[in-house]
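Visitor: Handing you this structure, nothing more for now.
The values are calculated or read from the model by the stated rules, or taken from the named source; none is laboratory data. Model, not experiment: these values are computed from the prediction. Neighbour counts run over all protein chains shown; Cβ positions are idealised from the backbone, glycine included.
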Amino acid sequence: MTAPAFDLAKALLEAGAVRLSPGEPFTWASGLKSPIYCDNRLLLGLPQVRDQIALALSDSVKALPTAPTLIAGASTAGIPWAAFVAAHMGLPMAYVRPEPKTHGMGRQVEGPSASGHSVVLLEDLISTGGSSIRCVEALRSDGAQSVSVLALFSYGLAKAKSAFVGAGIQHAVLATFPTLLQKAVEMAAISKESVQTLEDWRRDPQAWSDAAAPTP
């Protein structure tokens, strides 16, 4: 079954999973000021959208050069998407923590071993890429023959792209940052003038955050 035409960028904006606020920036857990905030967990509460995303992810997985034999979810937000895709494709599923457990068996990869498998790691979001890379390294250490990463959305930061290239990891996303901004303008969620502000942030999040921080 092939996914019907589906506009994930539109779904992200309509669900409030991605929020854009260039004039009143959000504060991330790191303290960084940002004009964009993403919480794709909200999509799990929308059955029709959730099913469409699962189909779109499955189709993207099927289109990969190497057919996967194991679907993995990055803990925690990637786990439900991995479960949906694994069920749809009839494949085994595992999930991966960014760090090993500090108790019990001390495992980082939970579920079936990745040994000998071609693995696709599903993420809901790619920011700097650090957590994804740690998960890929864990799968490789567990014996995976190959690992690629597929995410719902990415901020498109240069730091993430450089990190994936440096680690030799193929990655793809369903909805890109430029696509999201284009759709946001079409939906009148932001003005055309605000697009430049968001692009400035994407090019240098730290500098943008420093400039946005209130003067003491």
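Visitor: Looking at the stretch 43-67, which of its residues are over 13 Å from Leu152 (Cα atoms) and either in contact with a helix residue (DSSP H, G or I) (Cβ under 6 Å, 6 or more places away or on another chain) or of a type in the set (A, V, I, L, M) (or both)?
Guide: Hits for the stretch 43-67 are Leu46, Ala63, Leu64, Ala67.
Visitor: Continuing with this model, one more query. So, restricting to helices (runs of 4 or more DSSP H) that lie completely within the stretch 1-91, which ones have at least 2 residues that are among the acidic types (Asp, Glu)?
Guide: 47-62
Visitor: Also, I was wondering about something else. Please state which of the following conditions Pro92 fails to meet, knowing it meets all the rest: (1) more than 20 Å from Leu121 (Cβ to Cβ); (2) in contact with a Pro (Cβ under 6 Å, 6 or more places away or on another chain).
Guide: For Pro92, the failing item is (1).
Visitor: In addition: Pairs needed: first member in the stretch 169-186, within 20 Å of Thr197 (Cα to Cα); second member anywhere, among the β-branched types (Val, Ile, Thr) and in a helix (DSSP H, G or I); C-beta distance under 9 Å; at least 6 residues apart or different chains.
Guide: So the pair list comes out as Leu181/Val195; Gln182/Val195; Ala184/Val195; Val185/Val195.
Visitor: Working carefully through the options Asp7, Asp59, Asp51, find the one that is farther than 25 Å from Gly130 by Cβ, charged (D, E, K, R) and touching a Ser or Thr at 6+ places or on another chain (Cβ under 7 Å).
Guide: Asp59
Visitor: Moving on. On the given criteria, is Leu55 free of Cβ contacts under 8 Å to residues at least 24 places away in the same chain, surrounded by fewer than 24 Cβ atoms within 10 Å (Cβ to Cβ) and among the hydrophobic types (A, V, I, L, M, F, W, C)?
Guide: Answer is no for this residue.
Visitor: So which residues in the stretch 92-117 are closer than 16 Å to Ser146 by Cα, assigned to a loop (DSSP other than H, G, I, E, B) and of a type in the set (Gly, Ala, Ser)?
Guide: Residues satisfying the conditions are Ser113, Ala114, Ser115, Gly116.
Visitor: Could you identify the single residue in Ala211, Ala207, Ala184 that is modelled with pLDDT under 95 and either touching a strand residue (DSSP E or B) at 6+ places or on another chain (Cβ under 9 Å) or more than 19 Å from Ser154 (Cα to Cα) (or both)?
Guide: Ala211
Visitor: Those residues that are surrounded by fewer than 18 Cβ atoms within 10 Å (Cβ to Cβ), within 23 Å of Ala9 (Cα to Cα) and touching a residue at least 24 places away in the same chain (Cβ under 8 Å), I need them from the stretch 61-74; list them, please.
Guide: Matches in the stretch 61-74: Lys62, Leu64.
Visitor: Taking Ala151 as the residue in question, decide whether it is surrounded by 23 or more Cβ atoms within 10 Å (Cβ to Cβ), touching an Asp or Glu at 6+ places or on another chain (Cβ under 8 Å), among the small types (Gly, Ala, Ser) and closer than 23 Å to Leu55 by Cα.
Guide: It is true that Ala151 is surrounded by 23 or more Cβ atoms within 10 Å (Cβ to Cβ), touching an Asp or Glu at 6+ places or on another chain (Cβ under 8 Å), among the small types (Gly, Ala, Ser) and closer than 23 Å to Leu55 by Cα.
Visitor: Let me ask another. Can you name the condition, by its number, that Lys159 falls short on among (1) under 28 Å from Asp51 (Cα atoms); (2) under 15 Å from the mean Cα position of the chain (by Cα)?
Guide: Against the list (1) under 28 Å from Asp51 (Cα atoms); (2) under 15 Å from the mean Cα position of the chain (by Cα), Lys159 comes up short only on (1).
Visitor: Only residues that are over 14 Å from Glu14 (Cα atoms), of a type in the set (A, V, I, L, M) and at pLDDT 95 or above: list them for the stretch 25-44, please.
Guide: Once the filter is applied, which keeps residues that are over 14 Å from Glu14 (Cα atoms), of a type in the set (A, V, I, L, M) and at pLDDT 95 or above, the stretch 25-44 yields only Ile36.
Visitor: Of all residues being closer than 13 Å to Ser127 by Cα, of a type in the set (A, V, I, L, M, F, W, C) and in contact (Cβ under 8 Å) with a residue 24 or more places away in the chain in the stretch 19-43, which is surrounded by the fewest Cβ atoms within 10 Å (Cβ to Cβ)? Just the residue, please.
Guide: Leu32
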